[in-house]
């Protein structure tokens with residue numbers, strides 16, 4: 001079974017490329033909250049739709065498996081012509097058209113060509129088929145439950161992907177705003193420097209350094225705009241609506257919410273109990289056990305009841321009819337090692353599934369542990385980054401006043417401006433990183449839902 005994330009990554013890749021290389025359809029602008037983005041993704045994401053069809057297919061497999069215990073009825077028909085002595089005589093018998101002249105040796109050895117319209121109604125009822133149907137029904141039901149769990153995991157990954165893409169778009173937008181503010185601040189300082197240069201209080205190098213700094217900020221701003229557009233494109237891809245919007249206005253704030261509750265052990269236990277993909281693989285192990293039982297049962301006898309009703313006619317104006325009923329028992333005495341090999345194959349598949357299950361248990365623990373530590377460290381960075389913003393802004397105020405007084409150089413002023421810009425971006429990144437880590441933790445624990453982003 002392919003990992004769900006592989007399917008989701010492929011879907012994202014295809015739609016992400018379409019955002020840039022396909023001609024977009026006429027779209028529209030729209031305000032979009034995080035809740036609305038998740039609802040849209042759950043309704044339109046193609047990967048989630050594919051998982052739903054997988055559940056439907058598994059449900060039909062259950063019906064197919066149950067049919068093995070019911071009588072199988074077939075209506076057959078056909079036309080034949082023959083002058084084969086044995087078949088010609090038998091055909092006349094079936095048509096109930098035998099006469100005394102038909103026993104003439106010459107006619108028996110060289111019969112005329114005879115045609116026959118034949119039809120039959122046959123019934124086969126497997127009274128006991130070595131338990132294949134019984135085990136098949138159980139496997140089909142387990143597979144259906146496994147497909148539902150697979151779909152639930154796909155749903156969780158779509159929710160996680162939407163939250164991650166949404167807050168990524170928020171971070172890109174806020175970074176653009178920070179760079180725009182830094183550019184505006186630098187331009188206001190440029191006016192001051194220009195005035196001081198015109199008055200002969202500063203060297204031309206200060207003016208040039210300030211102009212170069214603004215040019216660099218304008219380049220950063222252009223790149224930030226591009227990154228914001230890419231981030232929104234990624235969001236529409238996850239939502240399954242790529243190309244349907246000319247622009248999106250994200251209205252939910254980049255708010256970290258509350259710190260995660262509980263210790264590491266509680267999160268790991270929650271993950272081992274709740275992860276749908278882990279439960280799905282556990283059901284696959286149960287299916288493999290049933291396959292071992294079914295393979296062993298192949299050594300048992302099978303019993304079928306059969307019935308057949310035939311109508312045979314040469315010209316469709318008269319006909320003969322007959323019926324046959326019976327029972328058949330079959331016991332495999334020697335199959336060339338086929339049954340033994342099938343048993344060993346089933347046992348090997350069971351061991352493989354068990355190893356995969358143990359590996360996934362370790363993987364789930366590792367994912368949960370990593371996400372937990374990331375969330376903890378990211379939350380602790382938030383107040384530090386916030387305090388750094390205030391410190392950088394105060395430092396800029398002091399440096400600007402001292403620059404005005406001729407105590408600091410232009411380098412000091414530009415460094416202070418860059419520090420404010422960087423501290424604001426670090427604060428935004430700390431908010432984003434905690435929100436992203438908390439989302440990954442909920443996904444790793446299998447507890448994420450559509451309200452996890454609030």
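The values are calculated or read from the model by the stated rules, or taken from the named source; none is laboratory data. Worth saying up front: this structure is predicted, and the values here are computed from it rather than measured. Virtual Cβ from ideal backbone geometry, glycine too; neighbours counted across all protein chains shown.
Quick rundown of the values:
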{"quantity": "Some residue of the range 390-407 being over 20 Å from residue 190 (Cα atoms) and either surrounded by 16 or more Cβ atoms within 10 Å (Cβ to Cβ) or under 39 Å from the mean Cα position of the chain (by Cα) (or both)", "calculated": "no"}
{"quantity": "Where residue 351 falls short, out of the listed (1) surrounded by 15 or more Cβ atoms within 10 Å (Cβ to Cβ); (2) under 27 Å from residue 138 (Cβ atoms)", "calculated": "(1)"}
{"quantity": "Boolean, residue 160 is in contact (Cβ under 8 Å) with a residue 12 or more places away in the chain and either within 25 Å of residue 406 (Cβ to Cβ) or not in a loop (DSSP other than H, G, I, E, B) (or both)", "calculated": "yes"}
{"quantity": "Test: residue in the range 289-297 that is over 14 Å from residue 133 (Cα atoms) and in a loop (DSSP other than H, G, I, E, B)", "calculated": "no"}
{"quantity": "Breaking point among (1) out of contact with any helix residue (DSSP H, G or I) (no Cβ under 7 Å at 6 or more places or on another chain); (2) farther than 30 Å from residue 160 by Cβ, for residue 36", "calculated": "(2)"}
{"quantity": "Among the candidates 139, 148, 64, residue that is closer than 30 Å to residue 436 by Cα, touching a helix residue (DSSP H, G or I) at 6+ places or on another chain (Cβ under 9 Å) and assigned to a helix (DSSP H, G or I)", "calculated": "148"}
{"quantity": "Residues being assigned to a helix (DSSP H, G or I) and in contact (Cβ under 8 Å) with a residue 12 or more places away in the chain - total across the range 399-412", "calculated": "6"}
{"quantity": "Any chance residue 413 is surrounded by 16 or more Cβ atoms within 10 Å (Cβ to Cβ) and touching a helix residue (DSSP H, G or I) at 6+ places or on another chain (Cβ under 9 Å)", "calculated": "yes"}
{"quantity": "Some residue of the range 299-308 being assigned to a helix (DSSP H, G or I) and touching a residue at least 60 places away in the same chain (Cβ under 8 Å)", "calculated": "no"}
{"quantity": "Search result, residues across the range 85-114 that are touching a helix residue (DSSP H, G or I) at 6+ places or on another chain (Cβ under 9 Å) and exposed (fewer than 13 other Cβ atoms within 10 Å of the Cβ)", "calculated": "99, 101, 109, 110, 112, 113"}
{"quantity": "Residue 302 being surrounded by 17 or more Cβ atoms within 10 Å (Cβ to Cβ), over 27 Å from residue 140 (Cα atoms), modelled with pLDDT of 90 or more and more than 31 Å from the chain's Cα centre (by Cα)", "calculated": "no"}
{"quantity": "Sole exception among (1) without any contact (Cβ under 8 Å) to a residue 60 or more places away in the chain; (2) in contact with a helix residue (DSSP H, G or I) (Cβ under 7 Å, 6 or more places away or on another chain) for residue 353, by number", "calculated": "(1)"}
{"quantity": "Failed item, numbered, when residue 421 is tested on (1) surrounded by fewer than 20 Cβ atoms within 10 Å (Cβ to Cβ); (2) farther than 30 Å from residue 42 by Cβ; (3) modelled with pLDDT of 90 or more", "calculated": "(1)"}
{"quantity": "Where a residue in the range 378-394 is at negative phi and touching a residue at least 40 places away in the same chain (Cβ under 8 Å) and its partner, wherever it lies, is surrounded by fewer than 16 Cβ atoms within 10 Å (Cβ to Cβ) and not in a helix (DSSP H, G or I), with Cβ under 6 Å and at least six apart", "calculated": "379/259"}
